[in-house]
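J.: Here's a structure for you.
The values are calculated or read from the model by the stated rules, or taken from the named source; none is laboratory data. Remember, it's a predicted structure, so these values are computed and weren't measured experimentally. Cβ coordinates were reconstructed from backbone atoms using ideal geometry, including for glycine residues, and neighbour counts include every protein chain displayed. Surface accessibility is based on the protein's heavy atoms, side chains included, excluding ligands, DNA and RNA. Shrake-Rupley method; radii C 1.70, N 1.55, O 1.52, S 1.80 Å.
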Amino acid sequence: MAPSAPRRESPVRLFATFSLIMLVGVVLLGLVLAFSYRAEATRRGLAEGRSEAVLIAETAVAPRLDGRTLSLGLSPVEKMDMNRLVRAAVKSHEILRLRLRDQSGDVIYSDDGSGLNGSNDAADLGKVLDATHGTIDASITHINSDSNDSGPIGPAAVEVYMPLLAGTPRHQVGVLEIYLPYSPIAADINAGLESLYQNLAVGLGLLYLLLVGISYAVGRRLRRQVRINAYMVEHDALTDLPNRVLFHDMIEDELAQAGPAGESTMIAIIDLDRFKEINDTLGHHNGDRLLIALSTRLADHLSGLNALARLGGDEFGVLLSDVADPDQTLRELRDVIEREINVGGLPLSVEASIGYVMAPTYGTDVDELLQLADVAMYSAKQRHLGVVRYHPSQNHYDASNLALISELRTAIETDQLVLYYQPKVRINDSRVDAVEALVRWQHPTLGLLQPDRFIPLAEQTDLIDRLTEWVVGRALRDLRNFGPASQRLTVAINVSARNLSSNVFASKIVEALEAAHVEPHRLFIEVTETALMTDPIRAAAVLSELDRAGVRLSIDDFGTGQTSLGYLSTLPIHELKIDRSFITDMLEHNGHAAIVHSIVDLGHNLGFTVVGEGVETREVFDELAAADCDVAQGFLFTRPIPVDALISWLDQFAAVDASTRR
Ligand code: C2E
Ligand code: MG
Ligand code: MG
């Protein structure tokens, strides 16, 4: 089942719901406050009743008693005094009823004659018992209108049971049961409640308005921020162009509109050449200005087509439908880019490599199409072709390779890669003072994979950087374990064009050397001519940086590329390795023999050591010696072997060599 999209709530609805919830909350708060006030007011009313009863007991009742226990009854004088007191008090509505009880609860005196019949209910007796233990009990009740507590319900009263102390010294003679009018207390409470309700209503109303106002303001801010965030998720902050996310959606929409049999859609990736140098030399600030100027220029050129995006760094995407001549259109775009541009007073011109793919010819999956356009762009960059249309022949990304590439990522992390080593043998004295590290992949199901199976794949992505980093780290670690000869040995590692285009490559190498405590001159970097020529200026800069750090440089597979000698002479080179295609058959092929001789001479004239690669027979070795070549490398000595095998090989070779010299 397709996942359902999250439901979008309307802001008005959300606000109304929120306001209603707050209203309920505020009303509840009001109820709780009113309820607790009422409870508190009643508690105070009872406390007031209690103190009033105590006052009456002490100032009015006790002085009229002679101190005998009430169970003996009242004397006629006491009774008369009592009647006078109570009647006056009842008349002035200070009290409603007064009874005196003895310790066992029997009513001894009652102003209205109620309760004298000896019938006590259990609740009354409980209160009397409490009072005999010193507790003053107050509660709200109703006085029945007849003297037997059985008539219609009378006025509300505060009923107090309390110990009655009299005589000198004061001692408990019985229990006073007194009923005070509750109406003045209730009137107080009600008046308090009324003003509380008014204040509460105003206060809570204001609180509610404040909360609603705050929530409205916060809601508005949030909505604005959400809109800004949504825009930023889809746009590039520097150029304000759609970013990769939106470009992806734009392609998806375009393909959906065109339908499966629809007209052709062109997806292009533009990558600026040497932009890194502009950034490095003129600063990021100017690099940014250049990008902004270029994006304005491109957008103007594509005006109204809404087809341009910045994919990141110096990479732009273009999406066009139904273009008659895509190649021509993109060449024009490239010309637009290459026109001089003024940045901070400096007239600059940048070049661009453009790769594109046609859809639906090569599919409708946006990610795949972008990857194919990237493959074409990389091919344009490598071969300096300007604009390249994607063709499957450029692509190393078939399904099995795609799987392999994702496995390679984990392989690097989980140490499935292994380094094999092949010695370089000095021709004049048969000594080995250098080895070349060649990577292999011990694949869990496919067995030992040779570099040509996976290096080209890694080179199409940034995986090659991680791979090279791994190789450098491992080679430097191994170098310390090469046995007795290890102090003299140097190790060579192979690097790719893409490594040389990285800003941090040289510094990472230096860091690795420091971490492994290996002197820089013991590391050789082998670079093929093709790799050098992918971005010659950038490569020269990286190699000079390495040279300054003391690392040595070797040109690999020499003779197969198109490096100009002028360019070579500017590079800090230490070694030339003649490609094995000239060496292996130099005895049979006069032309190749001549090339080998010339390269040796050329190398020596430029001050380089010259290595012959692919030496498989003694005869070829002798021929190289005759040509005055310095070093030989090849199966004649050994194939590339793992580090342990290399250590024994080095021992054995040194021993054999010593014995032949003896
Ligand atoms: P390369 O750097 O030119 O390495 C020499 C290649 O020639 C090695 O192949 C080696 O096994 C082979 N070879 C050596 N002597 C002989 C011989 O007498 N006869 C023949 N027929 N072949 C010989 P390998 O190990 O398969 O490597 C192939 C290429 O893969 C290397 O060429 C290098 O360009 C690349 N490579 C290897 N390891 C790495 C690495 O760690 N990083 C990068 N970027 N590339 C690597
Ligand atoms: Mg090599
Ligand atoms: Mg080579």
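J.: Output the residue which, of all residues in the stretch 437-454 that are surrounded by fewer than 20 Cβ atoms within 10 Å (Cβ to Cβ) and in a helix (DSSP H, G or I), is nearest to ligand 2 (Cβ to nearest atom).
T.: Within the stretch 437-454, the match that is nearest to ligand 2 (Cβ to nearest atom) is Pro451.
J.: Within the stretch 485-520, can you find the residues that are assigned to a helix (DSSP H, G or I) and hydrophobic (A, V, I, L, M, F, W, C)?
T.: Answer for the stretch 485-520, where residues must be assigned to a helix (DSSP H, G or I) and hydrophobic (A, V, I, L, M, F, W, C): Ala485, Ala497, Leu500, Phe505, Ala506, Ile509, Val510, Ala512, Leu513, Ala515, Ala516.
J.: Checking Glu526 against (1) in contact with a helix residue (DSSP H, G or I) (Cβ under 9 Å, 6 or more places away or on another chain); (2) within 13 Å of ligand 1 (Cβ to nearest atom); (3) farther than 25 Å from Gly313 by Cα, only one condition comes out false. Which one?
T.: (1)
J.: Which pairs turn up if I take residues in the stretch 441-467 that are among the acidic types (Asp, Glu) and look for partners that are part of a helix (DSSP H, G or I) with beta carbon separation below 6 Å, at least 6 apart in sequence or on another chain?
T.: That search, which allows pairs on different chains as well, returns Glu459/Arg498.
J.: In the list Arg310, Arg297, Arg289, which residue meets the criterion of being in contact (Cβ under 8 Å) with a residue 40 or more places away in the chain, within 24 Å of Leu385 (Cα to Cα) and out of contact with any Asp or Glu (no Cβ under 6 Å at 6 or more places or on another chain)?
T.: Testing whether each residue is in contact (Cβ under 8 Å) with a residue 40 or more places away in the chain, within 24 Å of Leu385 (Cα to Cα) and out of contact with any Asp or Glu (no Cβ under 6 Å at 6 or more places or on another chain) leaves just Arg297.
J.: Follow-up. Just to be sure before I move on: is Asn494 more than 16 Å from ligand 1 (Cβ to nearest atom), in contact (Cβ under 8 Å) with a residue 60 or more places away in the chain and of a type outside the set (Phe, Trp, Tyr) in the structure I sent?
T.: Considered against the rule, which asks whether it is more than 16 Å from ligand 1 (Cβ to nearest atom), in contact (Cβ under 8 Å) with a residue 60 or more places away in the chain and of a type outside the set (Phe, Trp, Tyr), Asn494 comes out as no.
J.: Out of all the residues in the stretch 528-537, is one or more among the β-branched types (Val, Ile, Thr), part of a helix (DSSP H, G or I) and away from ligand 2 (no atom under 16 Å from the Cβ)?
T.: Yes: the stretch 528-537 contains one or more residues that are among the β-branched types (Val, Ile, Thr), part of a helix (DSSP H, G or I) and away from ligand 2 (no atom under 16 Å from the Cβ).
J.: Let me ask something else. Give me the pairs: first residue in the stretch 263-279 and within 19 Å of Leu294 (Cβ to Cβ), second residue among the basic types (Lys, Arg) and open to solvent by less than 10 Å² (accessible area, probe 1.4 Å), beta-carbon distance under 6 Å, and six or more apart or on different chains, which are they?
T.: Short answer, once both residue conditions are applied: none.
J.: Condition first: at negative phi, part of a loop (DSSP other than H, G, I, E, B) and surrounded by fewer than 17 Cβ atoms within 10 Å (Cβ to Cβ). Now tell me which residues in the stretch 403-430 satisfy that.
T.: Scanning the stretch 403-430 gives Thr414, Gln416, Asn428, Asp429.
J.: How many of the residues making up the stretch 547-559 are out of contact with any strand residue (DSSP E or B) (no Cβ under 8 Å at 6 or more places or on another chain) and within 13 Å of ligand 2 (Cβ to nearest atom)?
T.: Counting residues in the stretch 547-559 that are out of contact with any strand residue (DSSP E or B) (no Cβ under 8 Å at 6 or more places or on another chain) and within 13 Å of ligand 2 (Cβ to nearest atom) gives 0.
J.: Just checking, how many residues over the stretch 569-615 are within 14 Å of ligand 3 (Cβ to nearest atom) and open to solvent by 50 Å² or more (accessible area, probe 1.4 Å)?
T.: Of the residues in that region, 3 qualify.
J.: Continuing with the same structure: Can you pull out the residues in the stretch 135-168 that are modelled with pLDDT under 90 and assigned to a loop (DSSP other than H, G, I, E, B)?
T.: Those that are modelled with pLDDT under 90 and assigned to a loop (DSSP other than H, G, I, E, B): Ser145, Asp146, Ser147, Asn148, Asp149, Ser150, Gly151, Pro152, Gly167, Thr168.
J.: Which members of the stretch 588-620 meet the condition of being within 16 Å of ligand 2 (Cβ to nearest atom) and of a type in the set (D, E, K, R)?
T.: Scanning the stretch 588-620 gives a single hit, Glu613.
J.: May I ask you to list the residues in the stretch 80-103 that are exposed (fewer than 15 other Cβ atoms within 10 Å of the Cβ) and in a helix (DSSP H, G or I)?
T.: Met80, Asn83, Arg84, Arg87, Ala88, Lys91
J.: Hey, another quick one. Exactly one of these conditions fails for Arg488: (1) within 14 Å of ligand 1 (Cβ to nearest atom); (2) among the basic types (Lys, Arg); (3) more than 18 Å from Arg440 (Cα to Cα). Give me its number.
T.: In the conditions (1) within 14 Å of ligand 1 (Cβ to nearest atom); (2) among the basic types (Lys, Arg); (3) more than 18 Å from Arg440 (Cα to Cα), Arg488 misses (1) alone.
J.: Just one of Val615, Val610, Val620 is touching a Cys at 6+ places or on another chain (Cβ under 8 Å) and at pLDDT 95 or above; which is it?
T.: The unique qualifying residue is Val610.
J.: Only residues that are open to solvent by less than 70 Å² (accessible area, probe 1.4 Å) and either more than 25 Å from His171 (Cα to Cα) or outside the structural domain of Arg84 (by TED's automatic domain parsing) (or both): list them for the stretch 104-121, please.
T.: Within the stretch 104-121, Asp112, Gly113, Ser114 meet the criteria.
J.: Here is a follow-up. Please go through the stretch 173-207 and pick out each residue that is outside any helix (DSSP H, G or I) and either of a type in the set (A, V, I, L, M, F, W, C) or open to solvent by 50 Å² or more (accessible area, probe 1.4 Å) (or both).
T.: Matches in the stretch 173-207: Val173, Val175, Leu176, Ile178, Leu180.
J.: Has the stretch 261-272 got at least one residue that is assigned by TED's automatic domain parsing to the domain that holds Ala293 and under 29 Å from the mean Cα position of the chain (by Cα)?
T.: Scanning the stretch 261-272, I find at least one residue that is assigned by TED's automatic domain parsing to the domain that holds Ala293 and under 29 Å from the mean Cα position of the chain (by Cα), so the answer is yes.
J.: List the number of the failed condition for Ala549; all other conditions in (1) within 16 Å of ligand 3 (Cβ to nearest atom); (2) under 28 Å from Lys276 (Cα atoms); (3) surrounded by fewer than 21 Cβ atoms within 10 Å (Cβ to Cβ); (4) modelled with pLDDT of 95 or more hold.
T.: Result: Ala549 passes all but (1).
J.: Could you look through the stretch 455-480, keep only residues that are farther than 28 Å from Phe637 by Cβ and assigned to a loop (DSSP other than H, G, I, E, B), and pick out the one that is nearest to ligand 3 (Cβ to nearest atom)?
T.: Gln460
Yes/no per residue for (1) open to solvent by 60 Å² or more (accessible area, probe 1.4 Å); (2) within 13 Å of ligand 1 (Cβ to nearest atom); (3) in a helix (DSSP H, G or I):
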| site | (1), (2), (3) |
| --- | --- |
| Val542 | no, no, yes |
| Glu545 | yes, no, yes |
| Asp556 | no, yes, no |
| Gln562 | yes, no, no |
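J.: Check whether at least one residue in the stretch 316-329 is part of a strand (DSSP E or B), in contact (Cβ under 8 Å) with a residue 24 or more places away in the chain and surrounded by fewer than 17 Cβ atoms within 10 Å (Cβ to Cβ), and report yes or no.
T.: There is at least one residue in the stretch 316-329 that is part of a strand (DSSP E or B), in contact (Cβ under 8 Å) with a residue 24 or more places away in the chain and surrounded by fewer than 17 Cβ atoms within 10 Å (Cβ to Cβ).
J.: In addition: Which ones in the stretch 85-114 are in contact with a helix residue (DSSP H, G or I) (Cβ under 9 Å, 6 or more places away or on another chain) and basic (Lys, Arg)?
T.: Arg97, Arg101
J.: Restricting the search to the stretch 28-81, which residues are touching a residue at least 60 places away in the same chain (Cβ under 8 Å) and of a type in the set (Val, Ile, Thr)?
T.: Passing the criteria: Thr42, Val54, Ile56, Val61, Thr69.
J.: Another question about this same structure. If you take the residues of the stretch 481-536 that are within 16 Å of ligand 3 (Cβ to nearest atom), crowded, with 18+ Cβ neighbours inside 10 Å and among the β-branched types (Val, Ile, Thr), which of them is nearest to the chain's Cα centre (by Cα)?
T.: Once the filter is applied, the top-ranked residue is Val495.
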